[in-house]
Amino acid sequence: MTEQTRPYDVAADALFLDFDGTLVDLAPQPDGIVVPPELITLLQQIQLESDGALAIVSGRPLDQLDFFLAPLRLPAAGVHGAERRTADGRILQQPVPDVQHLRERLLPLVDSHSGLQLELKRGALALHYRHAAHLEQRCVDTMMEALRHEPGFTLLHGKMVVEAKPHINKGDAVAAFLHEAPFRGRRPVFIGDDVTDEAGFAIAQGEVFGGLGIKIGAGPTQALQRLADPAAVLGLLRQSVEVRSTSG
């Protein structure tokens with residue numbers, strides 16, 4: 001059973017945030033999400049009040065995160081950690097497999113069904129079926145068969161998407177941040193909504209860092225706390241900033 005969610009300590013904690021389904025509502029198309037105007041202001045305040053101990057940890061590439069969160073350029077991990085921007089602005093890229101052969105194996109299915117969408121990333125490939133939910137098992141089976149011939153990937157089954165990604169996870173990215181300034185020595189708080197975020201919860205709540213995971217939405221999780229939706233996340237961030245303002 002999850003605990004009641006309380007404001008986190010902006011001044012003392014390190015905050016790690018998933019993007020889709022956590023900060024913004026999921027959309028029928030990956031580029032159709034809407035960023036609440038208040039979100040940018042809150043993230044700016046948190047970045048300032050925490051001395052920069054705020055990072056986005058997402059399956060999206062860094063350039064997409066920067067586009068949606070402009071003018072912010074926060075520390076961030078993209079493609080589940082395959083690429084990462086440190087607090088001092090350095091871009092670190094992990095070795096990743098070539099996705100072109102995998103793409104060629106999936107194209108016949110995508111081309112024959114207009115409701116499917118193939119999203120190409122650096123070292124990863126996502127097959128979205130939000131507009132063709134009846135094809136879920138077909139998408140999973142096709143991806144699994146393709147991966148039998150293309151080593152170097154991990155299969156992820158997310159919300160209306162099945163994704164092949166490098167053998168890298170969000171937990172690795174969170175751990176890397178926590179060994180660097182300004183995150184080092186702070187209690188991590190990781191907020192996410194999907195199965196891909198469980199690795200982040202595990203690192204945050206483990207014995208080494210002794211932090212907190214917050215799961216967004218329904219479904220099984222190891223996170224100790226839970227919130228209903230991105231609107232509730234916005235409320236938590238707002239409340240945490242207000243508590244910091246009144247106590248500071």
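The values are calculated or read from the model by the stated rules, or taken from the named source; none is laboratory data. In this text, all values refer to a predicted model and were calculated from it rather than measured experimentally. Positions of Cβ are backbone-derived with ideal geometry, glycine not excepted, and every protein chain shown enters the neighbour counts.
The table below gives the values:
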{"read-out": "Residue check for Ala231: modelled with pLDDT of 95 or more, small (Gly, Ala, Ser) and part of a helix (DSSP H, G or I)", "value": "yes"}
{"read-out": "Residue in region 52-67 that is aromatic (Phe, Trp, Tyr) and in contact (Cβ under 8 Å) with a residue 40 or more places away in the chain present", "value": "no"}
{"read-out": "Only listed residue being out of contact with any strand residue (DSSP E or B) (no Cβ under 6 Å at 6 or more places or on another chain) and either polar (S, T, N, Q) or surrounded by fewer than 21 Cβ atoms within 10 Å (Cβ to Cβ) (or both), chosen from Arg138, Arg187", "value": "Arg138"}
{"read-out": "Subset tally (residues that are within 18 Å of Ala27 (Cα to Cα), in a loop (DSSP other than H, G, I, E, B) and under 25 Å from the mean Cα position of the chain (by Cα)) for region 104-133", "value": "6"}
{"read-out": "Those residues of region 75-89 which are of a type outside the set (S, T, N, Q) and either surrounded by fewer than 20 Cβ atoms within 10 Å (Cβ to Cβ) or in a strand (DSSP E or B) (or both), in sequence order", "value": "Ala76, Ala77, Gly78, Glu83, Arg84, Arg85, Ala87, Asp88, Gly89"}
{"read-out": "Inter-residue pairs, beta-carbon under 6 Å, first exposed (fewer than 13 other Cβ atoms within 10 Å of the Cβ) and in region 101-118, second at pLDDT below 95, 6+ apart", "value": "His101/Glu150"}
{"read-out": "Test result for Lys159, surrounded by 21 or more Cβ atoms within 10 Å (Cβ to Cβ), under 22 Å from Ala76 (Cα atoms) and either touching a helix residue (DSSP H, G or I) at 6+ places or on another chain (Cβ under 9 Å) or of a type in the set (A, V, I, L, M) (or both)", "value": "no"}
{"read-out": "Of the criteria (1) part of a loop (DSSP other than H, G, I, E, B); (2) touching a Cys at 6+ places or on another chain (Cβ under 8 Å), which one Pro151 fails", "value": "(2)"}
{"read-out": "Test: residue in region 200-210 that is surrounded by 23 or more Cβ atoms within 10 Å (Cβ to Cβ), part of a strand (DSSP E or B), under 15 Å from the mean Cα position of the chain (by Cα) and not aromatic (Phe, Trp, Tyr)", "value": "no"}
{"read-out": "Set Leu39, Leu48: member being farther than 18 Å from Thr246 by Cα, at pLDDT 95 or above, out of contact with any strand residue (DSSP E or B) (no Cβ under 6 Å at 6 or more places or on another chain) and in the same structural domain as Gln225 (by TED's automatic domain parsing)", "value": "Leu39"}
{"read-out": "Number of the condition not met by Arg244 [criteria: (1) in contact with an Asp or Glu (Cβ under 7 Å, 6 or more places away or on another chain); (2) in a loop (DSSP other than H, G, I, E, B); (3) surrounded by 17 or more Cβ atoms within 10 Å (Cβ to Cβ)]", "value": "(2)"}
